[in-house]
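Notes for the one structure printed next.
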Amino acid sequence: MLYKYQFVKHQKLRELHFHFLFFMRKVKNVTKSAKFTPSIFFHDSFLTNGKIAPKGRENKQLHNRFKAFFDVYKKLDKDKKIEFYELIIFSQDIHKFFEDISIIEIKKIQSPNIKTLLNNSDVFNQLMDAMWNYLKSPNAWEIDKHYEVFYNNLPDSKMCPFCGMNKISDKDLYRSDYDHIAYKAEFPISSIDLKNITPSCSECNTKFKTTKNVFYAFNDASRSQYCYPYTFKSAYIDLSISFDLVGSLFPNTDLANINGNWKITINPNNDTTKTWDEIYNIEKRYVKLLNVNYLQWNEELVIGCNKFIDIDSLKSRINEFKKGFNPNKLRIEYHIKYAYYDFLEKSMNDILFNQINSMIA
């Protein structure tokens, strides 16, 4: 990630999760002969006339999903009920799991283990799917108001922190994707926990991260170091990520490789940035961006310039120009544009000099 953004404690959007926890506390010791009676197992504010009717409107789908889960759960042996409830409690700290790789019990809260606990039933996943669809529905839990507060707290560029290539959607146009960091089908307990739901650009969510398991990005044997995207204190935190292109070959500078070859190193080069690259395909996406845009960036460099007398004068221009793309300013593409101009300056030779000079009318 390029920066962490602020967690928004929006009461209404968190309310559905609180109702779910209330229900789990009420049913944790339920007997096998118990009947599904909403007035016994739900908070009054979740009901109307004894029926599941949050917001005053009866929701038969939620009723059916809760009842289906209840009917399976009540038949479990006492030790399984306790184990299941402990997983619910354990999952409330999911925001701590991403960066603390010493927590190795992650697999316990994954879907296969939950399904096994429930005697190979999918009723819990189906319940949480229904809860998520209800949570994100317009007007029900004020998700649009939550997004407005979130959007207003972003840095001025409103860039997606997962890629730095796209903007987070303008709140006045439409809401960006709400991505489950821990994929909801794999980690159903956290499906409606806001600490596990982060807005991102659509490209990061639906084309690159998709269903990847961020806890085990490289294999199923060992934990991966993932950067948790939220800060609970400040508006945002710049993570001081930078790129360098050392080892790259500019296109049209070598007859043996006319297309050139971009090599990108993410700094710091550590386990966290490796996971970031693995999950969001950062290097490949920036290579594509370079291939598409490097000529345009050269043209931007020489706008308003006269022919350069020598290499040193061009390098001086690049050195001054690249300062406008300081990556610490958190602007779209600034990180890679700064890296490009920095590498161009350091790699300047007669071939590059003539190519860029020829762009000046």
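The values are calculated or read from the model by the stated rules, or taken from the named source; none is laboratory data. Only a predicted model underlies this, so the values are computations on that prediction, with no experimental measurement involved. All Cβ positions, glycine included, derive from the backbone under ideal geometry; neighbour counts span all protein chains shown.
For residues in region 124-146 being on the phi < 0 side of the Ramachandran plot, touching a residue at least 60 places away in the same chain (Cβ under 8 Å) and not in a helix (DSSP H, G or I), which is surrounded by the fewest Cβ atoms within 10 Å (Cβ to Cβ)?
Ranking the candidates gives Ala140 first.
Lys307 is checked against (1) part of a helix (DSSP H, G or I); (2) touching a helix residue (DSSP H, G or I) at 6+ places or on another chain (Cβ under 9 Å); (3) farther than 19 Å from Pro155 by Cα and fails just one. What number does that condition carry?
Failing condition for Lys307: (1).
Are any residues in region 226-238 in a loop (DSSP other than H, G, I, E, B) and either among the charged types (D, E, K, R) or at pLDDT 95 or above (or both), and if so, which ones?
Answer for region 226-238, where residues must be in a loop (DSSP other than H, G, I, E, B) and either among the charged types (D, E, K, R) or at pLDDT 95 or above (or both): Tyr226, Cys227, Tyr228, Pro229, Lys233.
Check whether at least one residue in region 288-310 is closer than 18 Å to Pro161 by Cα and surrounded by 16 or more Cβ atoms within 10 Å (Cβ to Cβ), and report yes or no.
Yes, that holds for at least one residue.
When residues of region 1-38 are filtered for being farther than 30 Å from Tyr280 by Cα and either outside the structural domain of Val72 (by TED's automatic domain parsing) or among the basic types (Lys, Arg) (or both), how many remain?
The total comes to 6.
Could you tell me whether region 167-178 includes any residue that is under 24 Å from Leu16 (Cα atoms), assigned to a loop (DSSP other than H, G, I, E, B), more than 20 Å from the chain's Cα centre (by Cα) and of a type in the set (Gly, Ala, Ser)?
Checked against the condition, which is being under 24 Å from Leu16 (Cα atoms), assigned to a loop (DSSP other than H, G, I, E, B), more than 20 Å from the chain's Cα centre (by Cα) and of a type in the set (Gly, Ala, Ser), region 167-178 yields no hits at all.
Give the residue, chosen from Lys81, Lys55, that is crowded, with 18+ Cβ neighbours inside 10 Å, out of contact with any Asp or Glu (no Cβ under 6 Å at 6 or more places or on another chain) and of a type in the set (D, E, K, R).
The unique qualifying residue is Lys81.
Could you please find all residues in region 199-215 being surrounded by fewer than 18 Cβ atoms within 10 Å (Cβ to Cβ) and either outside the structural domain of His95 (by TED's automatic domain parsing) or touching a residue at least 60 places away in the same chain (Cβ under 8 Å) (or both)?
Lys212
Quick test for you: out of Thr48, Thr31, Thr37, pick the one residue that is surrounded by 14 or more Cβ atoms within 10 Å (Cβ to Cβ), over 33 Å from the mean Cα position of the chain (by Cα) and among the β-branched types (Val, Ile, Thr). Lay out the reasoning, then the answer.
Numbers: Thr31 fails: surrounded by 14 or more Cβ atoms within 10 Å (Cβ to Cβ); Thr37 fails: surrounded by 14 or more Cβ atoms within 10 Å (Cβ to Cβ).
Answer to the check: Thr48.
Would you point out the residue of region 16-49, among those that are in a helix (DSSP H, G or I) and polar (S, T, N, Q), that is farthest from Ser190 (Cα to Cα)? So that I can check it myself, show each step before the final result.
If we filter region 16-49 for residues that are in a helix (DSSP H, G or I), which is where we start, we get 16-27, 38-41, 44-46.
Subsequent filtering for residues that are polar (S, T, N, Q) retains 39, 45.
Details: Ser39: 25, Ser45: 22 Å.
Across region 16-49, the extreme among qualifying residues is Ser39.
Yes or no: Val8 more than 29 Å from the chain's Cα centre (by Cα) and surrounded by 14 or more Cβ atoms within 10 Å (Cβ to Cβ)?
No; evaluated as a whole, the condition is false for this residue.
Check off (1) on the phi < 0 side of the Ramachandran plot; (2) among the polar types (S, T, N, Q); (3) within 18 Å of the chain's Cα centre (by Cα) for Asn281 and give me the number that stays unchecked.
(1)
Checking the conditions here, which among Phe90, Phe69 is under 32 Å from the mean Cα position of the chain (by Cα), free of Cβ contacts under 8 Å to residues at least 24 places away in the same chain and buried (at least 16 other Cβ atoms within 10 Å of the Cβ)?
On the way: Phe69 fails: free of Cβ contacts under 8 Å to residues at least 24 places away in the same chain.
Being under 32 Å from the mean Cα position of the chain (by Cα), free of Cβ contacts under 8 Å to residues at least 24 places away in the same chain and buried (at least 16 other Cβ atoms within 10 Å of the Cβ) holds for just one of Phe90, Phe69, which is Phe90.
State the number of residues belonging to region 313-337 that are without any contact (Cβ under 8 Å) to a residue 60 or more places away in the chain and under 23 Å from Leu249 (Cβ atoms).
Of the residues in region 313-337, 9 are without any contact (Cβ under 8 Å) to a residue 60 or more places away in the chain and under 23 Å from Leu249 (Cβ atoms).
When only residues in region 50-66 that are without any contact (Cβ under 8 Å) to a residue 24 or more places away in the chain, out of contact with any helix residue (DSSP H, G or I) (no Cβ under 6 Å at 6 or more places or on another chain) and part of a loop (DSSP other than H, G, I, E, B) count, which is nearest to Ile82 (Cα to Cα)?
Per the criteria, the residue is Ala53.
Among the residues of region 315-361, which ones are in a helix (DSSP H, G or I) and touching a Cys at 6+ places or on another chain (Cβ under 9 Å)? Give the steps one after another, and end with the answer.
Taking region 315-361 as the starting set, the residues that turn out to be in a helix (DSSP H, G or I) are 315-325, 327-329, 334-347, 350-357.
Passing the criteria: only Arg317.
Of the residues Lys195, Lys212, Lys207, which single one is within 29 Å of Thr265 (Cα to Cα) and part of a helix (DSSP H, G or I)? First the steps, then the outcome.
Working: Lys195 fails: within 29 Å of Thr265 (Cα to Cα); Lys212 fails: part of a helix (DSSP H, G or I).
Criteria check complete, one pass: Lys207.
Kindly indicate whether any position in region 268-282 is farther than 26 Å from Ile106 by Cβ and in the same structural domain as Leu352 (by TED's automatic domain parsing).
Looking through region 268-282, none of the residues is farther than 26 Å from Ile106 by Cβ and in the same structural domain as Leu352 (by TED's automatic domain parsing).
Please go through region 257-285 and give me each residue that is in a loop (DSSP other than H, G, I, E, B) and among the charged types (D, E, K, R), ordered by number. Can you show your working first?
Pass one, region 257-285, residues in a loop (DSSP other than H, G, I, E, B): 258-260, 262-264, 268-270, 281.
Answer for region 257-285, where residues must be in a loop (DSSP other than H, G, I, E, B) and among the charged types (D, E, K, R): just Lys263.
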